[in-house]
1. If you take the beta carbon distance between SER371 and GLU56 as r and set R0 to 41 Å, what does 1/(1 + (r/R0)^6) give as a FRET efficiency, to the nearest 0.05?
2. Per-residue accessible area for LYS44 at 1.4 Å probe radius, Å² rounded to 10?
3. According to the Cα gyration tensor, what semi-axes, each the square root of 5 times an eigenvalue, does the equivalent ellipsoid of the chain have, listed from largest to smallest in whole Å?
4. Explain nothing, just the number: dipole magnitude of the stretch 245-343 about its Cα centre with +1 on each Lys and Arg Cβ and -1 on each Asp and Glu Cβ, in debye rounded to the nearest 20.
5. If you check each cysteine of the chain for another cysteine whose beta-carbon is under 4.7 Å away, which ones come up empty?
6. Provide the solvent-accessible area of ARG87, counting protein heavy atoms only and rolling a 1.4 Å probe, rounded to the nearest 10 Å².
7. Would you mind checking the pairs LYS195/LYS292; LYS228/LYS292; LYS239/LYS356; LYS328/LYS356 and listing those with alpha carbons more than 18 angstrom apart?
8. Once amide H atoms are placed 1.01 Å from N in the peptide plane, what residues at a sequence separation of 5 or more from VAL275, or on another chain, have their amide H within under 5 Å of its amide H?
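The values are calculated or read from the model by the stated rules, or taken from the named source; none is laboratory data. These numbers come from a predicted model, not from an experiment. Positions of Cβ are backbone-derived with ideal geometry, glycine not excepted, and every protein chain shown enters the neighbour counts. Heavy atoms of the whole protein, side chains included, go into the accessibility calculation; ligands, DNA and RNA do not. Shrake-Rupley method; radii C 1.70, N 1.55, O 1.52, S 1.80 Å.
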Amino acid sequence: MIKTSNVYQYLISILFLIMIISLNGQNIQEEHSYKDISVEQIFKRVREHDFNPLNEENSMTMDRSLGKEGIADLDDKDWEVRLLAVRDLVRAGNEQVEDIKSGLTDRSPHVRQVSAKALGILSAESAIPELEKMVRRDKNAMVRSQAVIALGQIEARSSLELLRKRVEKDPSGDVRHQCELAIDQIEKQMGATNKLREAFLSLDESTFETVQENDQAPDFILEDTEGKKWQLSQFEGKKWVALIWIFADWCPVCHGEFQDLMEMQEAFKKANIQVFTLETHDIYRGRVMVGKELEPEYWFTDKSFKQAYSNKIWWPHLLDRAGIQAAKYGADPLAYAVHAEYINRPATVIVDPEGKVRFIYRGTFWGDRPSIEQTLEMIQEEDFSYEHPQRLKKK
């Protein structure tokens, strides 16, 4: 007869084996989600997607049905295809940089763009020669712009001479602007951070566009341009919160909103409103926006804003790296091209003192959202029925 203790030992061994198999299966699934998607499969997804077209200068997205700048369809998935392609290429990592570099010569400008973006985030120094070639020869301003951004993120000192030449001779003013920034970024050794890479690695599509009006606002902790951390829930029970996603330093609309905020400081303080502006870039670009780094020559103003910003910006400018929080609210990181850079939708979110989301506004073009004054009035009157008079309408 088999002893009872032996039976118990046998059963325990079987249970232990089942547990190991289960854990291994889980690990295999996790490994599959990260590693078993080949770089070529990622490129194929991008190639086969029907993106909204760019204008003749390859600097602005045009709605495919309206023929106007912007995207009227709030359910459009261009942004998600781009964002997940970049995420998956970053997940492929430096071990597959050679495969990622092959995308730089792809026939699809969208594949070239996401490849360049991922290589910049990965700080892939081995890609510098191929990125320089793109800067010199690629006919698409969007792609050249992304290659320049990548060289800045990689801190490619060997590219400085090329970038200085392109500041003078690139046919696109948008690309010339990115060259100015890349030169400064390289010289200051402020390339892509580990925090940027970690943000892209942690992007979770199950959270995209999940927050609706009247939901409890999901908590976050984000850094400002000085590295100070801010937590949304710290204002629960205390203040209204306005979250305003802006584009970048090259955006005249965004600078106009900054001017309005500076002039209305006392009004927001009196109304007990905490304002945050948010940018989906890394630390260097965020600091450029608030006047703490280089001030390039802007085509939309002859006046310097750097000194005024240093003295008058009273609200925190937060770094929503990879657009993790923006994606939850439908601000759609990499939604469309503005000045030869894919960027998020303009979005304004208002959270009440109980932590409830009272207002989510997702723009259809660059100027489509409530003004700063209108945002203040909405909170004061608790009337959130705003719609921009020129809002694009889907056919």
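1. E between SER371 and GLU56, to the nearest 0.05, is 0.85.
2. 100 Å²
3. Working: eigenvalues 275, 186, 84 Å².
Semi-axis lengths for the chain are 37, 30, 21 Å.
4. Values: 10 positive and 14 negative charges, 73 e Å.
That gives the stretch 245-343 a dipole magnitude of about 360 debye.
5. Singleton cysteines: CYS179.
6. 10 Å²
7. Too far apart for the 18 Å limit: LYS195/LYS292.
8. ALA242
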